[in-house]
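Report on one structure; see the data block that follows.
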Amino acid sequence: MQPETAEWVEIVEGDFLTATREAAAKVPNFNAACFHAQQCIEKYLKALLVEHNIVFPKTHQLGFLGDLLPRAAGDLDPIGGELARLSPYAIDVRYPRGGADAAEARQALVDCATAPSYIRSLLSLPQ
């Protein structure tokens, strides 16, 4: 694994911890949980791109990042639903009228567990 890939993966772990902590807090911040769940997947995708020496622009669109990957790097179709559900949380929950509720946060955390597991397998990382 390239050193920069490992740096991305390390940052992902912080986003995952923040997402789970915020969803389970005594006074939960569902917006933050959803945002950090999205960030977790975004950064895993960027780690995958870095590992395959693919340059990517600054973007939060998970589908766009996934589309940059050649099929040889891995097929992201199995996590397409997760990518589609999480992508809007990069921006929507950070502005008025974009708030997430408990059910959305629960689903975001499920997606944040499923998609990273799949991407970790593409990076040959332990589960």
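The values are calculated or read from the model by the stated rules, or taken from the named source; none is laboratory data. Everything numeric here is computed off the predicted structure, so don't read it as measured data. Because the Cβ atoms are built from the backbone with ideal geometry, glycine has one as well, and the counts that use them run over all protein chains shown.
Structure notes:
- Boolean, H36 is of a type outside the set (S, T, Y) and at pLDDT 95 or above: yes
- Flag if K46 is crowded, with 18+ Cβ neighbours inside 10 Å, of a type outside the set (A, V, I, L, M, F, W, C) and out of contact with any His (no Cβ under 9 Å at 6 or more places or on another chain): yes
- Of all residues in region 83-121 being acidic (D, E) and surrounded by 14 or more Cβ atoms within 10 Å (Cβ to Cβ), the one that is modelled with the lowest pLDDT: D92
- Flag if I41 is of a type in the set (A, V, I, L, M, F, W, C) and crowded, with 24+ Cβ neighbours inside 10 Å: yes
- Among all residues of region 63-81, there is none that is surrounded by 16 or more Cβ atoms within 10 Å (Cβ to Cβ), among the charged types (D, E, K, R) and under 16 Å from the mean Cα position of the chain (by Cα).
- Restricting attention to region 6-20, the residues that are touching a residue at least 40 places away in the same chain (Cβ under 8 Å) and either closer than 14 Å to L45 by Cβ or crowded, with 20+ Cβ neighbours inside 10 Å (or both) total 5.
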